[in-house]
Amino acid sequence: MSRRVLCRLDEIPDPGSKGFEFREGDMLYALFVVRVGERVVAYENSCPHTDGPLDWMPGQFLAPEKDMIQCATHGALFRIEDGHCLAGPCTGENLTPLPVHVEGGTVAVEF
Ligand code: FES
């Protein structure tokens, strides 16, 4: 498993989200993080409905109320804390979580 520093915690809006894409060897990784206070979660940027990306604008992964993750394509809603889909065409499915760490104000992910 590899570890990658993504950004500083204060570069993520609170509450808010931020997307990342990077290459590691031949693999392209697409993921996003959501911050609520000091808590940060990370998921692959892949909707369980079609495997497409969730964001319609870069970094925009939250519903307008900022209390749920929302897929821009067909509007599925996911709990922030565990990525479980509560409404939409993939209800009952889950986003793929990634281990994320906040240390010294820096956000890093394992993948
Ligand atoms: S692609 Fe996400 S809800 Fe359809």
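Before I look further, what does the chain give for accessible area per residue, probe 1.4 Å, in whole square angstrom? Mind dumping the intermediate values first?
Details: 6070 Å² over 111 residues.
Per residue, the chain has 55 Å² of solvent-accessible surface.
Dipole size in debye (nearest 20) for the stretch 3-110 around its Cα centre, Lys and Arg Cβ +1, Asp and Glu Cβ -1?
Once rounded to the nearest 20, the dipole reads 100 debye.
Quick check: residue separation of R79 and N94 times 0.36 nm, minus the Cα distance between them. What number comes out in nm?
Numbers: separation 15, 0.36 × 15 = 5.40 nm, distance 0.92 nm.
Separation in residues times 0.36 nm, less the Cα-Cα distance, equals 4.5 nm.
In the neighborhood of E93, defined by Cβ-to-Cβ distances under 14 Å, what is the net charge if each Lys or Arg adds +1 and each Asp or Glu adds -1?
Neighbour charge sum, excluding E93 itself: -2.
So, with a 1.4 angstrom probe, what is the percent of accessible area on the chain that is carbon and sulfur?
Details: 2970 of 6070 Å².
Roughly 49 percent, rounded to a whole number.
Name the residue farthest towards the positive end of the dipole of the chain from the options V34, G75, N45, assuming +1 on Cβ of Lys and Arg, -1 on Cβ of Asp and Glu, about the Cα centre.
V34
Evaluate the distance, in nm, between pseudo-label points positioned 7 Å from the Cα of A72 and of E11 along their respective Cα→Cβ axes.
Using points 7 Å along Cα→Cβ, the separation is 2.0 nm.
Roughly speaking, what % of Cα-Cα pairs in the stretch 3-110 are separated by over 17 Å, rounded to a whole number?
On the way: 2791 of 5778 pairs.
Everything past 17 Å amounts to 48 percent.
How charged is the neighbourhood of P58? Take every other residue with its Cβ under 11 Å from the Cβ of P58, and add Lys/Arg as +1 and Asp/Glu as -1.
Values: positive: K18; negative: E21, D55.
Taking every Cβ under 11 Å from that of P58, the sum is -1.
The values are calculated or read from the model by the stated rules, or taken from the named source; none is laboratory data. It should be emphasised that the depicted structure is a prediction, and the values quoted were computed from it without experimental measurement. As a convention, Cβ positions derive from the backbone with ideal geometry for all residues, glycine included, and neighbour counts pool all protein chains shown. Surface areas here come from the heavy atoms of the whole protein model, side chains and all, with no ligands, DNA or RNA. Shrake-Rupley method; radii C 1.70, N 1.55, O 1.52, S 1.80 Å.
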